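Derivation of every value follows stated rules applied to the coordinates shown; laboratory data play no part. Values in this document were obtained by computation on a predicted structure and should not be read as measured data. Every residue, glycine among them, receives a Cβ derived from its backbone with ideal geometry; neighbour counts consider all protein chains shown.
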Amino acid sequence: MKKIQVVSKRGDSSSSDNSTNSAFTVRIVRYKECQKNHAANIGGHAVDGCREFMPSGEEGTNSAFICAACGCHRNFHRRAVDIEVASDSSSPSSYTT
């Protein structure tokens, strides 16, 4: 599943109104492999091998939080955020966390 969040940041109020410098940040959130420990109740450690979250329902419904592959809630999947910063005066640069 891929979610995109765009954060717009304009120049500060101390700069002139004619300034065209503006920057924005795009955050792409993806949910990767499942980390749910299925053997926790017996004192072990076993994961199911699900490699990426796939929602089982439409966006905006409760079933969108359940993985179609493994049946776990989205919170059990590792969250990966890709951040891209762009401005009008320079080329975009990309960061991954």
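Summary of values
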{"read-out": "Of all residues in region 56-90 being farther than 13 Å from residue 29 by Cβ and part of a strand (DSSP E or B), the one that is farthest from the chain's Cα centre (by Cα)", "value": "87"}
{"read-out": "Residue ID - surrounded by the fewest Cβ atoms within 10 Å (Cβ to Cβ), chosen from residues in region 19-67 that are hydroxyl-bearing (Ser, Thr, Tyr) and more than 17 Å from residue 80 (Cβ to Cβ)", "value": "20"}
